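Q: Here you go, one structure.
The values are calculated or read from the model by the stated rules, or taken from the named source; none is laboratory data. In this text the structure is predicted, and so the values were computed from the model without any measurement. With ideal geometry, Cβ positions are generated from the backbone for all residues, glycine too; neighbour counts draw on all protein chains shown.
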Amino acid sequence: MAARVDASPHGCQTDGMDAANLTTVIRQSRQLLAQVNNVGESGQWDDLYTVLDYLSFAFSQAYPTLPCKAGCSHCCEEILFRVSAPEWQAIARHLDATLTPEARVAVQEQVRVAYEPHRAQLEALAAFWADSDFGEQGAPHEGLPVRCAFLDGEGRCGVYEVRPVVCRAYGSFGVTLAKQPTMLICQTFGPGFIEELTVLGSETLTMAPVEPFYQRLKELAPDAEVAPMPLWLLRWAA
């Protein structure tokens with residue numbers, strides 16, 4: 001695999017980033033997004049994840065009090081996210097490359113024990129997502145184990161380099177939920193962060209919407225299945 005580029009693109013300044021020039025970065029990222037042709041494969045500017053990470057990095061520079069930092073795993077423990085086939089394939093390649101045969105067998109057994117009892121509901125959730133857009137409410141989550149299987153005992157991600165779009169975007173992007181624009185952030189820390197900015201005089205947040213990244217993902221793989229991570233893992237463990 002080619003060496004991955006830095007978090008901020010060559011020729012793109014992120015030092016001294018603020019809400020004003022973040023708008024310029026967002027415009028620039030839209031141009032980069034149009035050139036994307038792979039998901040987690042090249043690590044270059046034609047990789048969806050590279051452009052996404054650049055915008056996320058720029059946002060964190062513009063808003064340094066953002067609570068989404070290393071060591072926080074609230075979203076990983078509380079929300080069952082949708083994952084498309086190309087995103088899962090990046091994870092599967094990583095697992096195949098890093099797990100020993102013995103570790104693979106052990107992990108697959110853990111997956112079967114944890115998720116096989118929920119297979120029918122996971123399949124139903126995948127079917128619901130097949131007919132809905134990101135952000136649509138009403139998905140049948142109740143009773144499902146939501147803590148991410150890749151989260152270790154210290155709250156760290158075991159597949160951080162190949163984590164999906166939503167994991168990269170959480171805490172840094174805007175999204176439309178129930179036809180209302182909002183910030184893609186957990187309800188544990190999000191309201192306090194936004195209130196803090198308001199007190200400091202920031203009435204609005206400058207954010208890139210996450211939807212164009214999902215649209216580009218769909219353009220790259222029009223017929224790709226979307227499913228919850230536990231279901232992808234169950235199929236991998238079969």
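Q: When both residues are 6+ apart or on different chains and their Cβ atoms are under 8 Å apart, which pairs have a first residue that lies in the stretch 170-183 and is more than 21 Å from Y54 (Cα to Cα) and polar (S, T, N, Q), and a second that is at pLDDT 80 or above and outside any strand (DSSP E or B)?
A: T176/E211
Q: Give A62, A92 a once-over and let me know the one that is buried (at least 18 other Cβ atoms within 10 Å of the Cβ), within 21 Å of the chain's Cα centre (by Cα) and of a type in the set (G, A, S).
A: Checking each option against the conditions leaves just A62.
Q: Okay, next question. Just checking, does the stretch 5-26 include any residue being at pLDDT 90 or above, part of a loop (DSSP other than H, G, I, E, B) and in contact with a helix residue (DSSP H, G or I) (Cβ under 7 Å, 6 or more places away or on another chain)?
A: No, the stretch 5-26 contains no residue that is at pLDDT 90 or above, part of a loop (DSSP other than H, G, I, E, B) and in contact with a helix residue (DSSP H, G or I) (Cβ under 7 Å, 6 or more places away or on another chain).
Q: Could you please give the count of residues in the stretch 27-66 that are of a type in the set (A, V, I, L, M, F, W, C), modelled with pLDDT under 90 and not in a helix (DSSP H, G or I)?
A: The qualifying residues number 1.
Q: Okay, next question. Which residue is modelled with the highest pLDDT, if the candidates are limited to the stretch 150-182 and must be surrounded by fewer than 17 Cβ atoms within 10 Å (Cβ to Cβ) and part of a strand (DSSP E or B)?
A: C157
Q: What are the residues in the stretch 70-101 that are at pLDDT 95 or above, among the hydroxyl-bearing types (S, T, Y) and either touching a Cys at 6+ places or on another chain (Cβ under 9 Å) or part of a helix (DSSP H, G or I) (or both), if any?
A: Answer for the stretch 70-101, where residues must be at pLDDT 95 or above, among the hydroxyl-bearing types (S, T, Y) and either touching a Cys at 6+ places or on another chain (Cβ under 9 Å) or part of a helix (DSSP H, G or I) (or both): just T98.
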